[in-house]
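Below is one structure, written out as structure tokens; the observations come after it.
The values are calculated or read from the model by the stated rules, or taken from the named source; none is laboratory data. Keep in mind it's a predicted model, so treat the numbers as computed, not measured. Because the Cβ atoms are built from the backbone with ideal geometry, glycine has one as well, and the counts that use them run over all protein chains shown.
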């Protein structure tokens, strides 16, 4: 629980830091489309040329509980993690009137812990735990047309990919098993682009750091890890969620 | 549009560098000391005094050196860089002798100075860690020896840093510190330990019964004894000399420690006596706590639950089924890594293209 709170606070701080700052009056910043000091005429130079946009970085935190049946519930009592992850997507090609088609990779980490139980039912005899490192290769379509063409700051992103999960589990300080499971990953993300809060500051963020857009998002996702083989641990989850901060650059 | 490097980070770096280079000399002597290597906690003095540092009788008997390194002695009050320093040691006694005062460092006709120069240093500027280490030995400090007669007695050493050969000016307040030790023969009260059970790693917990500052605890397990009363561990008695602690816990005043029952050779179902002692700052060890029972019992966790759920009655076959090769053959296990290599190559290519586009 404390871990979840700490992660939530960290995420909130990251979001705040990434918010475009308000324009400072003392800078006397002027738009480039003002009168040219040389020609004395209106310049034909474009108002703003964004830097190339080809990558999306996501910092994610969410809840994940694998479909491992009653054994998981008895051992971990509904522990949801949290799952923290980092995702990087490359904009492969922009589909007109929709948005960029992306391929990307995600790496995460989640751990569940609970009390071990003795044969006599005692619970203060140690702990049991399992950790999972899910690695994902994803293809996604970042539908940003609403934001680009209609200035409506919502982005939809369906995702599909492969999951490779490495798990390790043990009790009372001793590792009992570890291994890999493979499955299909899907996701549906809704993101709110933050540029509308401070458009000029967002431009400055692009000019100075190359960050085209920042956004907060919520994603529903699932995985079928381990469900294709009875020799793999079923680490998939029919439904999980993640939220976080996204940056395109 | 050409991208430009924003000057803010460079400016910040420059300001930080300038600030670091021009940082003022510390206004306070600092020092590190280490008494009795076993204690292993070299402490850094944040103040200019260290009073009544406890020395146990064992430490005093062993006459292990107390080492002290003076560092970061600042320039004098006028800002003049001194190239040579003397480190003065005051006399012994409950009051000590204040070597700040010039007259205490000056020989009196027909007599010797109250303070003596223990060490000199030259090399310019501040004293750094190249300053020779001062070494005191407990039996040098306690004239009465290490027996009970000296208990509670303490000895002051007033150490002052002055310009070399300077016996005419008083030492600035920021150029000295006092150091005293006390012989501590009083062990702390014994803790109260509870019964413990577990499989391999068994957590033994206890309650400390003293307000004294503690520095550690020792957990004794009598693997040849039993919980019916046959044991070398006796409540309220000193720890048996021939029995090594199963665990020594440090870090202040611990209240639990994990005992590796498997390493001790305990069988499932075996119950053995366990007792705990605590250590004070002088490393005096308390007598044994009450004698509790440590039992190795089979413990189940998630994996055991899962295997049972899957109908696997044998833990080994369950582990074989899912563990390690859970994605089949070695070639299949290599698949994730191969895919990540391909992804890495694609990202590298994308980065190059992105760089070329600028």
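Every residue, every condition in (1) under 23 Å from the mean Cα position of the chain (by Cα); (2) within 11 Å of another protein chain (Cβ to nearest Cβ); (3) buried (at least 18 other Cβ atoms within 10 Å of the Cβ), yes or no:
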residue: A:172; (1), (2), (3): no, yes, yes
residue: A:192; (1), (2), (3): yes, no, no
residue: A:197; (1), (2), (3): yes, no, no
residue: A:200; (1), (2), (3): no, no, no
residue: A:206; (1), (2), (3): yes, yes, yes
query = residue B:233 versus (1) in a loop (DSSP other than H, G, I, E, B); (2) surrounded by fewer than 20 Cβ atoms within 10 Å (Cβ to Cβ); (3) at pLDDT 90 or above: which is the lone unmet condition?
reply = (2)
key: Residue count for the stretch A:83-107, restricted to those that are away from chain B (no Cβ under 14 Å) and buried (at least 22 other Cβ atoms within 10 Å of the Cβ)   = 2
ask   = What number of residues in the stretch B:283-324 are in contact (Cβ under 8 Å) with a residue 60 or more places away in the chain, facing chain A (nearest Cβ under 8 Å) and assigned to a loop (DSSP other than H, G, I, E, B)?
value = 2
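Test residue B:321 against the criterion of being at pLDDT 70 or above and under 18 Å from residue A:227 (Cβ atoms), and give yes or no.
Working: at pLDDT 70 or above: yes; under 18 Å from residue A:227 (Cβ atoms): yes.
Yes.
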key: residue A:222 being more than 14 Å from chain B (Cβ to nearest Cβ) and closer than 20 Å to residue A:107 by Cα   = yes
ask   = Which is within 24 Å of residue B:245 (Cβ to Cβ), in contact (Cβ under 8 Å) with a residue 60 or more places away in the chain and either within 14 Å of chain A (Cβ to nearest Cβ) or in a strand (DSSP E or B) (or both), of B:272, B:276?
value = B:276
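Determine whether residue B:327 is within 11 Å of another protein chain (Cβ to nearest Cβ), modelled with pLDDT under 80 and part of a loop (DSSP other than H, G, I, E, B). Walk me through it before giving the result.
On the way: within 11 Å of another protein chain (Cβ to nearest Cβ): yes; modelled with pLDDT under 80: yes; part of a loop (DSSP other than H, G, I, E, B): yes.
Spelling it out, residue B:327 is indeed within 11 Å of another protein chain (Cβ to nearest Cβ), modelled with pLDDT under 80 and part of a loop (DSSP other than H, G, I, E, B).
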key: Failed criterion for residue A:130 (all others in (1) farther than 19 Å from residue A:65 by Cα; (2) within 11 Å of chain B (Cβ to nearest Cβ); (3) not in a loop (DSSP other than H, G, I, E, B) hold)   = (1)
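Can you confirm whether residue A:121 is more than 8 Å from chain B (Cβ to nearest Cβ), closer than 30 Å to residue A:172 by Cα and either part of a strand (DSSP E or B) or over 17 Å from the mean Cα position of the chain (by Cα) (or both)?
Numbers: more than 8 Å from chain B (Cβ to nearest Cβ): yes; closer than 30 Å to residue A:172 by Cα: yes; either part of a strand (DSSP E or B) or over 17 Å from the mean Cα position of the chain (by Cα) (or both): yes.
Answer is yes for this residue.
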ask   = Taking the stretch A:91-127, which residues are on the phi > 0 side of the Ramachandran plot and out of contact with any strand residue (DSSP E or B) (no Cβ under 6 Å at 6 or more places or on another chain)?
value = A:97, A:121
key: Filter result (within 17 Å of residue A:54 (Cβ to Cβ) and not in a strand (DSSP E or B)) within the stretch A:97-107   = A:98
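Only residues that are surrounded by 15 or more Cβ atoms within 10 Å (Cβ to Cβ) and either at positive phi or more than 14 Å from every other protein chain (Cβ to nearest Cβ) (or both): list them for the stretch A:225-240, please. Steps first, please.
Filtering the stretch A:225-240 down to residues surrounded by 15 or more Cβ atoms within 10 Å (Cβ to Cβ) leaves A:225-229, A:231-237, A:240.
A:226, A:237, A:240 - these are the residues of the stretch A:225-240 that are surrounded by 15 or more Cβ atoms within 10 Å (Cβ to Cβ) and either at positive phi or more than 14 Å from every other protein chain (Cβ to nearest Cβ) (or both).
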inquiry  = Going by what's in this entry, would residue A:111 be described as more than 10 Å from chain B (Cβ to nearest Cβ), surrounded by fewer than 19 Cβ atoms within 10 Å (Cβ to Cβ) and closer than 21 Å to residue A:180 by Cβ?
reply    = yes
